[in-house]
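The values are calculated or read from the model by the stated rules, or taken from the named source; none is laboratory data. Here the structure is a predicted model, which means the values were calculated and not measured. So basically every Cβ, Gly included, is an ideal-geometry build from the backbone, and we count neighbours across all protein chains shown.
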There are 2 protein chains.
Amino acid sequence: MDPRALGEFGLIEAIHRRAGRAPEWKIAIGDDAAVLIPRRGEELVFTTDAVVEDVHFRWRTSDPRSVGHKALAVNLSDVNAMGARPVGFLLTLGLPPRISGARLDGFFAGLLALGRASHCPLVGGDITRGRDFVATVTAIGAVPRGRALLRSAARAGDRVFVTGALGGAAAGLRSSAAPALVRRQIAPRPPLGAGPALVAQRLSRCAIDVSDGLAQDLGHVLGESGVGARIDLDAVPVVRGATLEEALGGGEDYELLFTAPRSAPSAAVLGKRLGCRVSEIGVITRQRRLLLERSGHPVRVSTRGFQHFKASPKGSEK
Amino acid sequence: MDPRALGEFGLIEAIHRRAGRAPEWKIAIGDDAAVLIPRRGEELVFTTDAVVEDVHFRWRTSDPRSVGHKALAVNLSDVNAMGARPVGFLLTLGLPPRISGARLDGFFAGLLALGRASHCPLVGGDITRGRDFVATVTAIGAVPRGRALLRSAARAGDRVFVTGALGGAAAGLRSSAAPALVRRQIAPRPPLGAGPALVAQRLSRCAIDVSDGLAQDLGHVLGESGVGARIDLDAVPVVRGATLEEALGGGEDYELLFTAPRSAPSAAVLGKRLGCRVSEIGVITRQRRLLLERSGHPVRVSTRGFQHFKASPKGSEK
């Protein structure tokens, strides 16, 4: 798809053809707006995240398929963290006029492959020129009414769990990183389905995705819920080749952090039910602070997550 | 709001405070995603449009309030063209780290003022760094089930109407443009409310907003509906100071083009019912082509609208 050869409308036509069908949608691409008939008994969730050239990735070190994959994956991670199933997404592209057709083809291949695998069709969008490549995705999800997993729903006594293993995405930024770690950085695989499974099986009321680092994201849950937590660092699952600091402060792992009541099954049983690895890492407390412990003793570690505009703790681009 | 002083989370806090309440929303800013409980009997519509520095506007010639206003206005225009009422919007900002706090304050003042006036709250978003200022809005609307105004719903014999007057936004791009025309370009005022009024009063089933030029947007309706049209150029309402060519091909006027059956009231009566100027400009025909007439005789005029990536007919930035 070469934008200069196709023009704006030709490009939209070409994308429309690849986007495939959106059976749940009354109208997808092709009118002033996409039209959805909501199912009865469901709430809808909305999230948006942008991927910017030379800020979130570099063409030099990322293959275009991964860029497309990640642009949607980070949004589906938020939908998953609400306990919602994906319903569809919109895409706004800022395109440098000189972008190659092959690069654009790869981007859409990665984007639409994840969309198909997640039953999340592309239903609308906008294309403009721009100096940098900017892909903004807005994802829509649906969750049974009153059952969304909220940051504000952690209660003292709840146990704290996390899916998968952490730190891999941060470790993948190191210049010497092994290919498996680099893959975690450029093509994250959120545990899609785990959020809706927590809701369907009434296992949890509270979750967040680990996008800014375990410590910071857990901090959001504690702040919104008005509680604290005691975390056992020995129990935090760290990706092979990553450090504990990367697991706590690195971010971009897109795993699911959730709480469950005292009566919940073991991590092993939860893992089977959710279809992914689950680790129990601590407990929610009444005292409003985050205690990090090792063998029962409090420890201090650097837990700063990532913020745009402030100097990165890793001194690296994100 | 200075991004360097506040950091990403401080900036989000400051925006959250200004965003005000979103009573229809169960959760707005503050979780992994915003949560909406859809009303029974309504369909939801979704549209997205980006505004890019030096492509859609220049800071040098646009005041920041207008940039914020327009970023939301172009999206509300699409919601209006579906016959839907606005429900809320998400915003993704790409911010150059050196953007001034005053500029950002002005942008949000214009954006949120239109949001308040339109009962369309900011419910979520994302902020990243970027080389250029890029504001991507995704707007959500609601329309009674089965009643959305579709491009595909024009029928032979329907009469063709347009709100307001056209060509002003294109004329506002000329270097010698009068301030009133420049205002139409930088701070468009779509006839919000006219779309829902057409639906509520069952006056129309087919509408589109005039964003790419009357001829091109009417062309979308004709193509999707499998019909043609005969347009009386003498009846096309042209903004004082603009040319007929700018009215037909200029775009960015964000007026509403709609069809109504033979039995519909006169343009004057429709205008009173919709609360804005309405002109009757032609009729839908069985023959699949667009005929432009003057005093009953066919004429040829340049009707090319705007496309990104192809040379602009106006030779100007958009």
| field | segment B:105-143, residues that are more than 11 Å from chain A (Cβ to nearest Cβ) and part of a loop (DSSP other than H, G, I, E, B) | value | B:118, B:119, B:120, B:121
| Count of residues meeting criterion [farther than 22 Å from residue B:149 by Cα and surrounded by fewer than 24 Cβ atoms within 10 Å (Cβ to Cβ)] in segment B:178-202 | 8
| query | What residue, of B:162, B:67, is more than 13 Å from every other protein chain (Cβ to nearest Cβ), within 16 Å of the chain's Cα centre (by Cα) and assigned to a strand (DSSP E or B)? | reply | B:162
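Matching residues to (1) β-branched (Val, Ile, Thr); (2) at pLDDT 90 or above; (3) under 20 Å from residue A:163 (Cβ atoms); (4) in contact with a strand residue (DSSP E or B) (Cβ under 9 Å, 6 or more places away or on another chain):
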position: A:281; (1), (2), (3), (4): yes, yes, yes, yes
position: A:305; (1), (2), (3), (4): no, no, yes, no
position: A:310; (1), (2), (3), (4): no, no, no, no
position: A:313; (1), (2), (3), (4): no, no, no, no
| query | What residue, among those in segment B:144-155 that are among the small types (Gly, Ala, Ser) and touching a helix residue (DSSP H, G or I) at 6+ places or on another chain (Cβ under 9 Å), is farthest from the other protein chains (Cβ to nearest Cβ)? | reply | B:154
| query | Is one or more of the residues making up segment A:93-100 of a type in the set (Gly, Ala, Ser), within 27 Å of residue B:57 (Cα to Cα) and either outside the structural domain of residue A:58 (by TED's automatic domain parsing) or surrounded by fewer than 23 Cβ atoms within 10 Å (Cβ to Cβ) (or both)? | reply | yes
| Does residue A:141 qualify as being more than 23 Å from residue B:28 (Cβ to Cβ) and in contact (Cβ under 8 Å) with a residue 12 or more places away in the chain? | no
| message | Cβ-Cβ under 6 Å, sequence separation 6+ or interchain: first residue in segment B:2-18 and in the same structural domain as residue B:109 (by TED's automatic domain parsing) and in contact (Cβ under 8 Å) with a residue 40 or more places away in the chain, partner among the aromatic types (Phe, Trp, Tyr) and in a loop (DSSP other than H, G, I, E, B). Which pairs? | response | none
| query | Going by the conditions given, is residue A:249 buried (at least 20 other Cβ atoms within 10 Å of the Cβ), more than 14 Å from chain B (Cβ to nearest Cβ) and modelled with pLDDT of 95 or more? | reply | no
| query | Restricting attention to segment A:229-242, does a residue exist that is of a type in the set (D, E, K, R), within 26 Å of residue A:143 (Cβ to Cβ), in contact with a Ser or Thr (Cβ under 8 Å, 6 or more places away or on another chain) and assigned by TED's automatic domain parsing to the domain that holds residue A:269? | reply | no
| task | Please work out which one of (1) under 25 Å from residue B:162 (Cβ atoms); (2) within 8 Å of chain A (Cβ to nearest Cβ); (3) not in a helix (DSSP H, G or I) is the condition residue B:79 fails and give its number. | result | (3)
| request: Return the residue satisfying two criteria in turn: it lies in segment A:248-265 and is under 9 Å from the mean Cα position of the chain (by Cα) and in a loop (DSSP other than H, G, I, E, B), and of such residues it is farthest from residue A:165 (Cα to Cα). | output: A:252
| request: Go through segment B:7-57 and count every residue that is surrounded by fewer than 21 Cβ atoms within 10 Å (Cβ to Cβ), touching a Pro at 6+ places or on another chain (Cβ under 8 Å) and within 17 Å of residue A:141 (Cβ to Cβ). | output: 1
| remark: Selection over segment B:1-49 where residues are under 19 Å from residue B:88 (Cβ atoms), among the acidic types (Asp, Glu) and facing chain A (nearest Cβ under 7 Å) yields a count of 4
| Is it true that residue B:170 is away from chain A (no Cβ under 12 Å) and free of Cβ contacts under 8 Å to residues at least 60 places away in the same chain? | no
| message | For segment A:1-34: of the residues being β-branched (Val, Ile, Thr) and in a helix (DSSP H, G or I), which is modelled with the highest pLDDT? | response | A:15
| Which condition breaks for residue A:175 when tested against (1) surrounded by fewer than 23 Cβ atoms within 10 Å (Cβ to Cβ); (2) part of a helix (DSSP H, G or I); (3) free of Cβ contacts under 8 Å to residues at least 60 places away in the same chain? | (2)
| Looking at segment B:115-127, is at least one residue free of Cβ contacts under 8 Å to residues at least 24 places away in the same chain and either within 30 Å of residue A:26 (Cα to Cα) or out of contact with any Pro (no Cβ under 6 Å at 6 or more places or on another chain) (or both)? | yes
